[in-house]
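Take a look at the structure set out below.
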Amino acid sequence: MEPLLRIERISKSYTPDARALSDISLTVGRGECVGIVGESGSGKSTLAKIILGLAAPDSGDVYLNERSMLHAKRRERKTLRKDVQVVFQDPNASLNSKLPVWRTVVEPLENYPDSVPAALIAAGRTKRDWAAALLRQVGLPEAMLDRYPRQLSGGQKQRVAIARAIGLHPKLLVCDEPTSGLDVSVQAQILNLLKELRMKHGLSCLLISHDLAAVRFLADRVAVLRGGVIVDRFPAERLLAPERHEYTRRLAEAAQ
Ligand SMILES: Nc1ncnc2c1ncn2[C@@H]1O[C@H](COP(=O)(O)OP(=O)(O)OP(=O)(O)O)[C@@H](O)[C@H]1O
Ligand SMILES: [Mg+2]
């Protein structure tokens, strides 16, 4: 079966003498969750940004359903981009401090007026109703609809960011350190939520994290990034297997 996402030989340098990514190839299948682990500066966020179209690679391409996301014409690119949504480490990056929660959650709909409102209107439902349904999906009560980001905890903000990300029914969720900014007790709740959304909606996921435990919990397959190169890749259950790359073993030991 063809993969949902196919990253083909991506390289990227920010400066002439240092490569942030070297010849990265990776696939994510439908309904699959692939984890990318690596230390700070290994190139994880650079890869996320390239997939999301927020940074341009020097070479290589990114395909969604075998359609190039980087070379598609504007209209097709917009359609492809709708299927790839993101959850960042800092939920404040996706929340507007001036907007109540419900407006933030439905904001992406404004960019895609054709996709959901028709169904909403047909059902006689407002955007606010839609926001309420999305909040339910991420485990937040309706009472949160009219709150502002400053009135929410870190975990609640991340739930709102996830609600916003899934509102357009993306096929792929790119999560760049989605739990790293949260209290340990809240991290597990957010990972559980992501797992639940995966199961319920068949959502594919690219989970970027320095946290091996998180990746092991959620991912089916893992790629280890070091200095912009994938040095190891394996099914998640083989994390502690003897054939692991020495560097992966060191990461695993450090995480004990
Ligand atoms: N805009 C930029 N300009 C110049 N260099 C950059 C830029 N963004 C990232 N880099 C460099 O590229 C390399 C990879 O950075 P990147 O942010 O992708 O790492 P990361 O794995 O996400 O790290 P972290 O775990 O700290 O988030 C680093 O050496 C970084 O300093
Ligand atoms: Mg990063």
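The values are calculated or read from the model by the stated rules, or taken from the named source; none is laboratory data. Every value quoted in this text rests on a predicted model; they were computed, and no experiment measured them. Here the Cβ positions follow ideal geometry from the backbone for every residue, glycine too, while neighbour counts run over all protein chains shown. These accessible areas exclude ligands, DNA and RNA; they are computed on the full protein's heavy atoms, side chains included. Shrake-Rupley method; radii C 1.70, N 1.55, O 1.52, S 1.80 Å.
In region 33-58, the residues that are closer than 14 Å to R19 by Cβ and in the same structural domain as L207 (by TED's automatic domain parsing) form Cβ pairs under 6 Å with partners that are among the small types (G, A, S) and within 13 Å of ligand 2 (Cβ to nearest atom), at six or more places apart or across chains, as follows: G43/A20; G43/G228; T46/A20.
The residue that is least open to solvent (accessible area, probe 1.4 Å), counting only those in region 64-78 that are over 16 Å from R9 (Cβ atoms) and part of a loop (DSSP other than H, G, I, E, B), is A72.
Restricting attention to region 198-228, the residues being open to solvent by 30 Å² or more (accessible area, probe 1.4 Å), of a type outside the set (G, A, S) and within 16 Å of ligand 2 (Cβ to nearest atom) number 3. Restricting the first member to region 85-106 and to residues that are over 9 Å from P149 (Cβ atoms), and the second to residues that are among the basic types (K, R) and open to solvent by 60 Å² or more (accessible area, probe 1.4 Å), the beta-carbon pairs closer than 6 Å and six or more apart or on different chains are W102/R128; V106/K127. Of all residue pairs spaced 6 or more apart or on separate chains, none has beta-carbon atoms under 6 Å together with a first member in region 227-256 that is farther than 26 Å from Y14 by Cα and of a type in the set (D, E, K, R) and a second member that is open to solvent by less than 100 Å² (accessible area, probe 1.4 Å) and in a strand (DSSP E or B). Just wondering, is there one or more residues in region 163-184 that are more than 14 Å from the chain's Cα centre (by Cα) and farther than 28 Å from W130 by Cβ? Checking region 163-184: at least one residue is more than 14 Å from the chain's Cα centre (by Cα) and farther than 28 Å from W130 by Cβ. Only strands (runs of 3 or more DSSP E) whose full extent lies in region 1-57 are considered here, and the ones with at least 1 residues that are under 23 Å from S180 (Cα atoms) are 18-28, 33-37. Number of residues in region 30-79 that are touching a helix residue (DSSP H, G or I) at 6+ places or on another chain (Cβ under 6 Å) and of a type in the set (V, I, T): the value is 3. Looking across V186, V160, V231, one residue alone is surrounded by fewer than 18 Cβ atoms within 10 Å (Cβ to Cβ), touching a helix residue (DSSP H, G or I) at 6+ places or on another chain (Cβ under 6 Å) and in a helix (DSSP H, G or I). It is V186.
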